[in-house]
Amino acid sequence: MRNQIEFEVYGNYALFTDPLTKIGGEKFSLQIPTYQALKGIVESIYWKPTIIWYIDEVRVMNPIQTESKGIRPIEYSGGNTLAYYTYLKSPRYQVRAHFEFNPHRKDLIHDRNEHKHHNIAKRSVQAGGRRDIFLGTRECQAYVEACKYGEGEGDYDDIPEINFGVMVHGINYPDETGRNQLETRLWRAKMEYGKIDFIRPEECRMVRKTGEGIAKPFGNGNVQAVDQLYTELFGEEE
């Protein structure tokens, strides 16, 4: 597929929570990463408002296992509350994603250079990302390495199918939909032979409005043009 990147992401712990239910003291990770969590990782590798990243597939490499920890969350009103968070332990995933130009960003048409965006993205994977990488939450630091998707043995390669039921797919933001509202997408997730094929956001049929919002304006004053960034990274080569 055009404009595709492949990488492996791993860490000691992950915490993928459901945004519809995570209000409260205790937190329990979903068994697999959401589309939105993986999109956040890809955007930490390389992000520009000119493009939208789409997660094509994820491959679960390590066994799904959990570990609970006692946590003392920050209590801004005082007190000494103890909560238990249940993390995924030793998660490791292979991810395949690609980008397309954001059709709702007419103000950034001048920034649509497919070749340069793709080369910068591939270089950013080799560098381990342009920003810090996290698996779900900030306390779960992670690392990114380039890989060939499908290589190596995964713990579920011989398991025909595992269903995870209805779970969060991701969040629709105004700058990617053209609608001035926030929406949460749900889907029925399943893993076949260790791989999860994600449907595209617009293919999700279970969508709930969860708030209001507007797209942030971008221009020469608050976003670096891809031509300039490319020159910084690669010099004048094309």
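Scanning the range 109-127 for residues that are under 22 Å from F234 (Cα atoms), free of Cβ contacts under 8 Å to residues at least 40 places away in the same chain and under 18 Å from the mean Cα position of the chain (by Cα) turns up at least one hit. Taking the conditions (1) more than 17 Å from the chain's Cα centre (by Cα); (2) free of Cβ contacts under 8 Å to residues at least 60 places away in the same chain; (3) closer than 22 Å to A97 by Cβ in turn, Y173 satisfies each one other than (1).
A residue that is over 21 Å from P103 (Cβ atoms), of a type in the set (V, I, T) and open to solvent by 20 Å² or more (accessible area, probe 1.4 Å) can be found somewhere in the range 123-141. Return yes when K209 is open to solvent by 70 Å² or more (accessible area, probe 1.4 Å) and over 23 Å from K122 (Cβ atoms) and no when it is not. Criteria met by K209. For the range 223-238, filtered to residues that are outside any loop (DSSP other than H, G, I, E, B) and acidic (D, E), the residue that is least open to solvent (accessible area, probe 1.4 Å) is D227.
Does any residue of the range 213-222 turn out to be of a type in the set (S, T, N, Q) and either closer than 30 Å to D157 by Cα or assigned to a strand (DSSP E or B) (or both)? No, every residue in the range 213-222 fails to be of a type in the set (S, T, N, Q) and either closer than 30 Å to D157 by Cα or assigned to a strand (DSSP E or B) (or both). Restrict the check to the range 153-176 and report whether at least one residue is open to solvent by less than 40 Å² (accessible area, probe 1.4 Å), polar (S, T, N, Q) and not in a strand (DSSP E or B). No, because not a single residue in the range 153-176 is open to solvent by less than 40 Å² (accessible area, probe 1.4 Å), polar (S, T, N, Q) and not in a strand (DSSP E or B).
Taking the criterion of being part of a helix (DSSP H, G or I) and in contact with a Lys or Arg (Cβ under 8 Å, 6 or more places away or on another chain), would at least one residue in the range 125-137 satisfy it? Before you say what the answer is, go through the steps one by one.
Going residue by residue through the range 125-137, those that are part of a helix (DSSP H, G or I) are 125-126.
Next, from what is left, pick out any that are in contact with a Lys or Arg (Cβ under 8 Å, 6 or more places away or on another chain): none.
No.
Filter the range 111-122 for residues that are part of a loop (DSSP other than H, G, I, E, B) and open to solvent by less than 70 Å² (accessible area, probe 1.4 Å) and give the result. Steps first, answer last, please.
First pass over the range 111-122, keeping only residues part of a loop (DSSP other than H, G, I, E, B): 112-113.
Residue satisfying the conditions is N113 alone.
If you go through the range 177-196 and keep only what is open to solvent by 50 Å² or more (accessible area, probe 1.4 Å), assigned to a loop (DSSP other than H, G, I, E, B) and at pLDDT 95 or above, you end up with just Y193. Filtered by the rule that a residue be touching a residue at least 60 places away in the same chain (Cβ under 8 Å), outside any strand (DSSP E or B) and open to solvent by 50 Å² or more (accessible area, probe 1.4 Å), the range 142-151 gives a lone residue, K148.
The values are calculated or read from the model by the stated rules, or taken from the named source; none is laboratory data. No experiment lies behind these values; they were computed from the predicted model shown. Ideal geometry is used to build each Cβ from the backbone, glycine not excepted, and the neighbour counts take in all protein chains shown. Just the protein is used for accessible areas: all its heavy atoms, side chains included, with ligands, DNA and RNA removed. Shrake-Rupley method; radii C 1.70, N 1.55, O 1.52, S 1.80 Å.
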